[in-house]
Amino acid sequence: MKRKTVLALLFVIIMLLSLMGCGGNQTPADTSAKEENVSVEKILTYSVLIDMPTLDQSLVNSTDSMTLISQIQEGLVRLHDGKVLPGIAKEWEVSEDGLVYTFYLRDAKWSDDVNITAYDFEYAIKRLVDPAAASPYSFIAEPIKNAMKVNSGELGIEETGVKALNEKTLEITLEKQAPYFLAMLNMPHFNGVRKDLVEKFGQDFAADPDNNVYCGPFVLEEWKHEDRLVLVKNQSYWDKDKVNLDKVNVIVVPDPNTALSMFENGDLDFVDVPSNLVEQYLDKSQLYYNGADDFLKLNMDGKNPLKNKNLRLAVNYAIDREDYINITTDGLFDAGTRYVLPVVAGVDKKYGEEYPYEAFPLKADINTAKDYLDKAMKELSVSNPQEIKLELLTTDTDVSRIQAEVLQDQIQRNLGIVVNIKQVPYKQRLQMETNREFQMVFSGWAPDYDDPHTYLCLWTTNSPYNQISYSNAKYDELLDFSSTCRDPKERMDALFEAEKVLLEDGAIVPLQMRRVAWLMNPKIKGLVKSYVGPREDYIYADIEE
């Protein structure tokens, strides 16, 4: 009896295993051969705090968007682990005077099987600087001949220093030497764009997966706005054999604590640790500078009281940066006592090692702040500090609210002036910055290339990013000199002097330099983090089982 029972149970188990092995077929099958041929799909999953404002290569201006675009589109070159590698351009030449770059394109196709040509890149760069396109990132084309004159409307679009010599050859002429130019071409704004699709979709170009084509290692398969984006391996990519991942899920998770819980549950493959929890994860996490520094932009336009230099300096000295980072980041970030991130490249060492500098103290200097305030009040014909009312614009998140409230308290307590907080959605904040509809706004910058110039070029008089109406002839001269100087030391000296001029004018209020603790699934290999340009590069990432 027992033997029959055992045999019966064994038969049931065999049948169940047989059914599982052949997907529910009633006919038993030999599954061993099939199992050998079945490969596990390699899927990377990570989160972002907010949805992508845009995936239009010419208009993108958020780090998360740039990071994602760098995976679905490829430019002439690719920056990987700090090295400039060939991208759609298989090789290039630079003229002896360093002004003319000639790129030779490889045989490559868009995801719809159309050949990629030099005309796609010519169109993209001209579209970037076209004033009609109103790209918030048009300033990045500043090294290209006539680019800024075209952008200002002074010259026609055809005067831009870019030309397709034929389908496979692109020539870019610079205004002046730019030693960082090749690395800059890694930015998505220089990627090729299909003119026929821009004309077909108009404002809806790149707004959904089917409204664009792709030439990077992945294609955008799905974009469920405010929820998730799904990338899949691009079978038309010229170097697809080196791409290991089959799919990438990018999930919108507004709460960092929720994202951390998802990582702990195995739902995300890497995650930034919320600053208040870093101590708990120090033995598990990796720390890195993500390149961004945060600051207040102070609008000097029109009748704004911040047009007054002494008031701007009063605000700068009234900020207790040590308290600020301790309250808002639990001390994870570094206090921003200067503007340029110290770890970017200098001449022979890191910039901060070669040019140590503290523009503003770690702790608030209330006496100095009040001295500047007294001068400002006289110049503004104000007898009571409370007559000075400022508005601080920021994003409508809890983190932004806490940051704003700390600054509000410090400025009001140390100066006696009135600070009101205005919180708006992220996209609206960006638009208000562009329109200069602010007095003070919480902002930040992450480097596009490994050079102090990437921070300092923003504030020249004619920079499209200069939304604070800052103008200083000496500053402009120093930036111009840095672009033409061939001596590395003299060039870097000029950039350092420009940083000092900017901060001695109190043009911005440096707050913090971001350090991030992050966790990653140990099975993920080959994913590269960078503080320059796009944050994550997973083109060569792999998942080991």
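Consider residue 393 against the criteria (1) over 17 Å from residue 327 (Cα atoms); (2) of a type in the set (A, V, I, L, M, F, W, C); (3) under 33 Å from the mean Cα position of the chain (by Cα); (4) assigned to a helix (DSSP H, G or I): it satisfies all of them except one. Which criterion is unmet?
Evaluating residue 393 over (1) over 17 Å from residue 327 (Cα atoms); (2) of a type in the set (A, V, I, L, M, F, W, C); (3) under 33 Å from the mean Cα position of the chain (by Cα); (4) assigned to a helix (DSSP H, G or I) leaves (4) as the failure.
What number of residues within the stretch 519-545 satisfy the criterion of being part of a loop (DSSP other than H, G, I, E, B) and either surrounded by 18 or more Cβ atoms within 10 Å (Cβ to Cβ) or in contact (Cβ under 8 Å) with a residue 12 or more places away in the chain (or both)? Before the answer, list the steps.
Our first condition is that a residue be part of a loop (DSSP other than H, G, I, E, B); within the stretch 519-545, this holds for 521-523, 526-527, 530-535, 538-541, 544-545.
Those left that are additionally either surrounded by 18 or more Cβ atoms within 10 Å (Cβ to Cβ) or in contact (Cβ under 8 Å) with a residue 12 or more places away in the chain (or both): 521, 523, 526-527, 530-535, 538-541, 544-545.
The number of residues fulfilling the criteria is 16.
Restricting attention to the stretch 252-296, which residues are charged (D, E, K, R) and in a strand (DSSP E or B)?
First pass over the stretch 252-296, keeping only residues charged (D, E, K, R): 255, 264, 267, 269, 272, 279, 283-284, 293-294.
Answer for the stretch 252-296, where residues must be charged (D, E, K, R) and in a strand (DSSP E or B): 272, 293, 294.
Could you check how many residues of the stretch 142-158 are in a loop (DSSP other than H, G, I, E, B) and in contact with a strand residue (DSSP E or B) (Cβ under 8 Å, 6 or more places away or on another chain)? Lay out the reasoning, then the answer.
Looking only at the stretch 142-158, we keep the residues that are in a loop (DSSP other than H, G, I, E, B), and these are 142-143, 145-146, 152-156.
So of that shortlist, the ones also in contact with a strand residue (DSSP E or B) (Cβ under 8 Å, 6 or more places away or on another chain) come out as 143, 145.
The number of residues fulfilling the criteria is 2.
How many residues does the stretch 364-378 contain that are surrounded by 14 or more Cβ atoms within 10 Å (Cβ to Cβ) and part of a helix (DSSP H, G or I)? First the steps, then the outcome.
So the first thing to find is which residues in the stretch 364-378 are surrounded by 14 or more Cβ atoms within 10 Å (Cβ to Cβ), and the list is 364-366, 368-373, 375-377.
Checking which are part of a helix (DSSP H, G or I) leaves us with 366, 368-373, 375-377.
Of the residues in that region, 10 qualify.
Does the stretch 264-275 contain at least one residue that is modelled with pLDDT under 85, surrounded by fewer than 16 Cβ atoms within 10 Å (Cβ to Cβ), farther than 19 Å from residue 417 by Cβ and outside the structural domain of residue 402 (by TED's automatic domain parsing)? Break it down stepwise before answering.
Filtering the stretch 264-275 down to residues modelled with pLDDT under 85 leaves 275.
Subsequent filtering for residues that are surrounded by fewer than 16 Cβ atoms within 10 Å (Cβ to Cβ) retains none.
No, there is no match, as no residue in the stretch 264-275 is modelled with pLDDT under 85, surrounded by fewer than 16 Cβ atoms within 10 Å (Cβ to Cβ), farther than 19 Å from residue 417 by Cβ and outside the structural domain of residue 402 (by TED's automatic domain parsing).
Would it be correct to say that residue 230 is without any contact (Cβ under 8 Å) to a residue 60 or more places away in the chain, surrounded by 18 or more Cβ atoms within 10 Å (Cβ to Cβ) and hydrophobic (A, V, I, L, M, F, W, C)? I'd like the intermediate steps shown before the answer.
Values: without any contact (Cβ under 8 Å) to a residue 60 or more places away in the chain: yes; surrounded by 18 or more Cβ atoms within 10 Å (Cβ to Cβ): yes; hydrophobic (A, V, I, L, M, F, W, C): yes.
So residue 230 fits the description; yes.
With the structure loaded, tell me whether residue 284 is surrounded by fewer than 16 Cβ atoms within 10 Å (Cβ to Cβ) and of a type outside the set (Val, Ile, Thr) or whether it fails that test. Give the derivation first.
Details: surrounded by fewer than 16 Cβ atoms within 10 Å (Cβ to Cβ): yes; of a type outside the set (Val, Ile, Thr): yes.
Taking the combined requirement at face value, the residue satisfies it.
Scan the stretch 219-237 for residues that are farther than 19 Å from residue 117 by Cβ and in contact with a Lys or Arg (Cβ under 6 Å, 6 or more places away or on another chain) and report the count.
Matching residues across the stretch 219-237 total 1.
Just to be sure before I move on: is residue 484 over 30 Å from residue 265 (Cα atoms), β-branched (Val, Ile, Thr) and surrounded by fewer than 21 Cβ atoms within 10 Å (Cβ to Cβ) in the structure I sent?
Answer is yes for this residue.
Of the conditions (1) among the aliphatic types (A, V, I, L, M); (2) in contact with a helix residue (DSSP H, G or I) (Cβ under 8 Å, 6 or more places away or on another chain); (3) within 18 Å of residue 297 (Cα to Cα), residue 432 fails just one. Which one is it?
The single condition residue 432 does not satisfy is (2).
Can you name the condition, by its number, that residue 464 falls short on among (1) modelled with pLDDT under 90; (2) in the same structural domain as residue 181 (by TED's automatic domain parsing)?
Failed condition: (2).
May I ask you to verify whether residue 383 is outside any helix (DSSP H, G or I) and in contact with a Lys or Arg (Cβ under 7 Å, 6 or more places away or on another chain)? Before you say what the answer is, go through the steps one by one.
Details: outside any helix (DSSP H, G or I): yes; in contact with a Lys or Arg (Cβ under 7 Å, 6 or more places away or on another chain): no.
When the stated conditions are applied, residue 383 does not pass them.
Read through the list (1) among the acidic types (Asp, Glu); (2) in a helix (DSSP H, G or I); (3) out of contact with any Lys or Arg (no Cβ under 7 Å at 6 or more places or on another chain), then give the number of the only condition that residue 348 fails.
(2)
Find the residue count for the stretch 392-420, including only residues that are crowded, with 16+ Cβ neighbours inside 10 Å and within 22 Å of residue 467 (Cβ to Cβ).
12
If I filter the stretch 58-80 down to residues being at pLDDT below 95 and not in a helix (DSSP H, G or I), which single residue comes out as nearest to residue 216 (Cα to Cα)?
78
Being at pLDDT 95 or above, of a type outside the set (Asp, Glu), surrounded by fewer than 17 Cβ atoms within 10 Å (Cβ to Cβ) and farther than 15 Å from residue 98 by Cα, is that true of even one residue in the stretch 170-186?
no
Looking only at residues in the stretch 251-287 that are among the charged types (D, E, K, R) and out of contact with any helix residue (DSSP H, G or I) (no Cβ under 9 Å at 6 or more places or on another chain), which one is nearest to residue 330 (Cα to Cα)? Spell out how you get there, then give the answer.
From the stretch 251-287, those among the charged types (D, E, K, R) are 255, 264, 267, 269, 272, 279, 283-284; that's our starting set.
Those still in the list that are out of contact with any helix residue (DSSP H, G or I) (no Cβ under 9 Å at 6 or more places or on another chain) too: 264, 279, 283-284.
Values: 264: 22, 279: 9, 283: 17, 284: 18 Å.
Filtering first and then ranking leaves 279.
For residue 477, which of the numbered conditions (1) touching a helix residue (DSSP H, G or I) at 6+ places or on another chain (Cβ under 8 Å); (2) closer than 30 Å to residue 84 by Cα fails to hold?
(1)
Looking for something in contact (Cβ under 8 Å) with a residue 60 or more places away in the chain, touching a strand residue (DSSP E or B) at 6+ places or on another chain (Cβ under 7 Å), in a strand (DSSP E or B) and over 25 Å from residue 443 (Cα atoms) - is there at least one such residue anywhere in the stretch 510-518?
No.
Restricting attention to the stretch 492-501, which residues are free of Cβ contacts under 8 Å to residues at least 24 places away in the same chain and touching a Ser or Thr at 6+ places or on another chain (Cβ under 8 Å)? Even if it seems obvious, please write down each step before you answer.
Looking only at the stretch 492-501, we keep the residues that are free of Cβ contacts under 8 Å to residues at least 24 places away in the same chain, and these are 493-494, 497.
Once the filter is applied, which keeps residues that are free of Cβ contacts under 8 Å to residues at least 24 places away in the same chain and touching a Ser or Thr at 6+ places or on another chain (Cβ under 8 Å), the stretch 492-501 yields only 494.
So, restricting to strands (runs of 3 or more DSSP E) that lie completely within the stretch 160-251, which ones have at least 3 residues that are assigned by TED's automatic domain parsing to the domain that holds residue 533 and more than 30 Å from residue 267 (Cα to Cα)?
Working: elements: 162-166, 169-173, 218-224, 228-233.
So the answer is 162-166, 169-173.
The values are calculated or read from the model by the stated rules, or taken from the named source; none is laboratory data. Since the structure is predicted, the reported quantities are computational estimates derived from the model, not experimental observations. For neighbour counting, all protein chains shown are included, and Cβ atoms are generated from backbone atoms with ideal geometry for every residue, glycine included.
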